[in-house]
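Data first, discussion second: the structure below is written as structure tokens.
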Amino acid sequence: MRFTKMHGCGNDYVYVDAWSESLPADIPALAMAVSDRHRGIGADGLIVIGPGRDGGDARMRMWNADGSESEMCGNGIRCAAKLAWDHGRLGGNRAPRVETGAGLLRVELRFAAGGGCDGASVSMGRPRLLPAQVPVALPGPDLVLERQGLRLRAVGMGNPHAVAVVPDPDAFPVAEVGPRIEHDPVFPRRTNVEFTARLPDEGGLPVIRQRTWERGSGITLACGTGACAVTVAWIIDRGIAAREVIVRLDGGDLRIAWPADDAEVRMTGEAVSVFEGAW
């Protein structure tokens, strides 16, 4: 099986082109094996991109490092679309529609001066702001809850997120608190957790620092859907007037825009191929 190792802001996955490659029946076991950073390729998970089945130009599926399947990955969809472009699977279409577990999403590929694809902007859909949509098991419509001494804002971006504001994300015990929140029974599908704080503005844009505990993978250098959830949470709860922010992740920056309360969230960032190989 041929694969490509890719990352977006350090959020790295093993990618397989399903137009040409066959996968085993037990894909969760494959995801765990290739993700192992000591005995495998090393990654936050496995992403498969192949022909669309429901009106899309391509279809993406992803598995976390623990073998669990997830609905979406913001950094992953940028890289998956780049892989499809680089392998000539899109017929020259620079704005493909990609089927995901979070719905049909449009990706606008970005190209460097030399002509190669080096990133993308993605219309990530509208944030899910009802308990059943996240999902979160709360008795009323409010998506704010208290866990582990933190005030959390639940946001759905096709997958569940819990956003906390802390004094210093870099000093916060993410590895200790993250898994407790991920596995809290109030989140029936578990949850991703983001620990955030405001940094000084840059270029007229607010800057939000984010560290991530990713459901099924642990601490990751970046989370694209998480950055979208963080932007929504800060606009709702912290009164950020700007509808575009820079989200500063351990692995780099993402630009996130939420133009209006009823609009889709747009994410822009890099997509990087690291190496190719066979498994």
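The values are calculated or read from the model by the stated rules, or taken from the named source; none is laboratory data. What you are looking at is a predicted structure, and each value in this text was computed from that prediction instead of being measured. Note that each Cβ is placed from the backbone with ideal geometry, even for glycine, and that neighbours are counted across all protein chains shown.
The table below gives the values:
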{"read-out": "Residue within region 108-123 that is closer than 22 Å to E69 by Cβ, crowded, with 16+ Cβ neighbours inside 10 Å and modelled with pLDDT of 95 or more present", "value": "yes"}
{"read-out": "Region 34-65, subset of a type in the set (A, V, I, L, M), over 20 Å from G103 (Cβ atoms) and without any contact (Cβ under 8 Å) to a residue 40 or more places away in the chain, residue surrounded by the most Cβ atoms within 10 Å (Cβ to Cβ)", "value": "L46"}
{"read-out": "Search result, residues across region 61-99 that are over 19 Å from D118 (Cβ atoms), in a strand (DSSP E or B) and among the aliphatic types (A, V, I, L, M)", "value": "M62"}
{"read-out": "Members of region 19-63 that are closer than 14 Å to L90 by Cβ and not acidic (D, E)", "value": "W19, I49, G50, P51, G52, G56, A58, R59, M60"}
{"read-out": "Filtered residues of region 220-279 (kept if part of a helix (DSSP H, G or I), over 19 Å from T191 (Cβ atoms) and modelled with pLDDT of 95 or more)", "value": "I235"}
{"read-out": "Candidates G218, G269, G224, filtered to the one that is surrounded by 18 or more Cβ atoms within 10 Å (Cβ to Cβ) and in contact with an Asp or Glu (Cβ under 9 Å, 6 or more places away or on another chain)", "value": "G269"}
{"read-out": "Test: residue in region 156-174 that is assigned to a helix (DSSP H, G or I), buried (at least 19 other Cβ atoms within 10 Å of the Cβ) and without any contact (Cβ under 8 Å) to a residue 40 or more places away in the chain", "value": "no"}
